[in-house]
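Below is one structure, written out as structure tokens; the observations come after it.
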Amino acid sequence: MTHPRHTQVAVVGAGPAGLLLARLLHRAGVDCVVLESRDRAYVEQRQRAGILEQSTVDTLRAAGAAARLDREGIPHDGIELRFDGRRHRVDFPSLTGGRRVWVYAQTEVVKDLVALQLAEGPPLLFDARVDAVEGADTDRPVVRYTHEGRERVLDCDYVVGCDGYHGVVRRALPAGATRVHERTYPYAWLGILADAPPVYEELIYAHSERGFALASMRSPQVSRLYLQVPGGEDPAAWPDGRIWDELDLRLGADAGWRLTRGPVTAKSVLPMRSSVTEPMRWGRVLLAGDAAHIVPPTGAKGLNLAASDVTVLAEALAARYAEGDTALLDAYSDTCLRRVWRAEHFSYAMTSMLHTAPGQSSFDTRLQLAQLERVARSPHAAADLAENYTGAALRPDAVGG
Ligand code: RFL
Ligand code: PHB
């Protein structure tokens, strides 16, 4: 294994943000190196997002990384909302001028991008943990990392922190360089993967006084299901039988359904958080994806925001190297933050509309139902949800970019 000592762009983290950025830079002729602290199997198997917006699919196609997505991705033209014993479908194409979303798991996006990068470049080092970033305010920042037990140094023109919420790059910036805006929620999600056919052909978002539930899928044979649980819940408190019983009560009861049960192959509890770090650039250090912002998963936005950040950033870095023009790079943070705050608001609103907070009053529940009722009755309210969910409301022209 050779260890590059210099590069133009050092990318920290090989999640969707880092891998897609590297792919886009490589195609634009900009040199980069990706450093990832975990091993390949871990990165490829981490269960997370499942929904891709049209613009994310468009970017993956333009990056030459969508061959399998185009074969195996499942296009969806709507979602179902369940509340108060009712079912209401939100139809995306008719409300958004033809937009849809794709069910294609983050694990698969990551596998596709890793395979392409290992075959075609640029360098991608697993088991390479970044320990420090120095010289953010100089022209030649330095990344210190440990690879296979040995300390290494990489110097570069720019460092991009694609290292997620717990990453080191953001924390390497001087105190006062950035400001963090944050909100936590008094509940979490228990997520499972099960070898069982999806309960319904589209995703179901269910409001119930027992708590929120979401029925998603990975394939015609594999379901991805979520239950609202108390924050910090131990997954061991949820044996498989209890999970299925609770899913039946929250998702199926009103329709007289029962879910088809099957072996549960993964189970974990996920905290819910909203967070934005501003600005997303300081000196020669830039942040992208979860390293800069977190949304609660109810709006299915996190992976899509990561993809849109790096699309903006790759274009800006390409202009910087091809023409020496830094205008797009200088605008990077503002350009991204307009979309980020729109998505933050949508994710917060979906979360608040659908979850039952501990000790929630009957008044609060009636307000949630009034909001859901409005989505069901008003084409404007339904279009607002559909435009945000599919990403139409997040396009640069829609958010004033
Ligand atoms: P990631 O995926 O966290 O990747 C960061 C990478 O950085 C590495 N790293 C380091 N590497 C080197 N040195 C260090 N010191 C490092 N520190 C960290 C980590 O090992 C990791 O590989 O961030 P990225 O790339 O910004 O991608 C963001 C997405 O993963 C995230 O936003 C989504 O998964 C959010 N999300 C969803 N987004 C959607 O768009 N649609 C969805 O349907 C959706 N569903 C979800 C979700 C997130 C969930 N969880 C687990 C919070 C469902 C769930 C349950
Ligand atoms: C998923 O399939 O994992 C998924 C789908 C929609 C969400 C969150 C997660 O809002």
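What follows draws every value from the coordinates through simple rules; no lab data is involved. Everything numeric in this text was worked out from a predicted model, so none of it was measured. We place every Cβ from the backbone using ideal geometry, glycine too, and count neighbours over all the protein chains shown.
Here are a few things to note about the model shown:
- Computed over the chain: relative contact order in percent, which uses C-alpha pairs under 8 Å that are six or more apart: 20 percent
- Of the GluC sites (Glu not before Pro) found in segment 63-161, the ones in coil according to DSSP and having at most 16 other Cβ atoms within 10 Å of their Cβ are 148.
- Note on 267, 301: ascending count of other Cβ atoms within 10 Å places them as 267, 301, the fewest first.
- Estimated from helices alone, the mean residue ellipticity of the chain at 222 nm is -11000 deg cm²/dmol (sum of -39500 (n - 2.57) over DSSP H runs with n ≥ 4, per residue).
- Taking all Cα pairs closer than 8 Å and separated by 6 or more residues, the relative contact order of segment 55-190 comes to 13 percent.
- The 3J(HN,Hα) values that the Karplus relation (6.51, -1.76, 1.60; θ = phi - 60°) gives for segment 121-127 are, in residue order, x, x, x, 10, 10, 8, 6 Hz. Gly and Pro appear as x.
- Relative pair counts by distance (%), Cα atoms of the chain, 10 Å bins: 5, 23, 32, 25, 12, 4, 0
- Cβ crowding within 10 Å averaged over residues, with 202-212, 159-169 ranked highest first: 159-169, 202-212
- Applying Stokes-Einstein at 20 °C and 1.002 mPa s to the Kirkwood radius of segment 1-152, computed over alpha-carbon pairs, gives a translational diffusion coefficient of 122 µm² s⁻¹.
- Between residue 6 and residue 86, residue separation times 0.36 nm minus the direct Cα-Cα distance comes to 22.8 nm.
- Dipole magnitude (debye, nearest 20) for the chain, charges at Cβ of Lys, Arg, Asp, Glu: 440 debye
- The slack between residue 166 and residue 68, meaning 0.36 nm per residue of separation minus the straight C-alpha distance, is 32.2 nm.
- Between residue 249 and residue 377, the contour length at 0.36 nm per residue exceeds the alpha carbon distance by 43.5 nm.
- Amide H contacts of residue 14: 37, each under 5 Å away and 5 or more positions distant or on a separate chain (H built 1.01 Å from N in the peptide plane; Pro and chain starts excluded).
- Across segment 260-321, Cα-Cα distances exceeding 14 Å account for 67% of all pairs.
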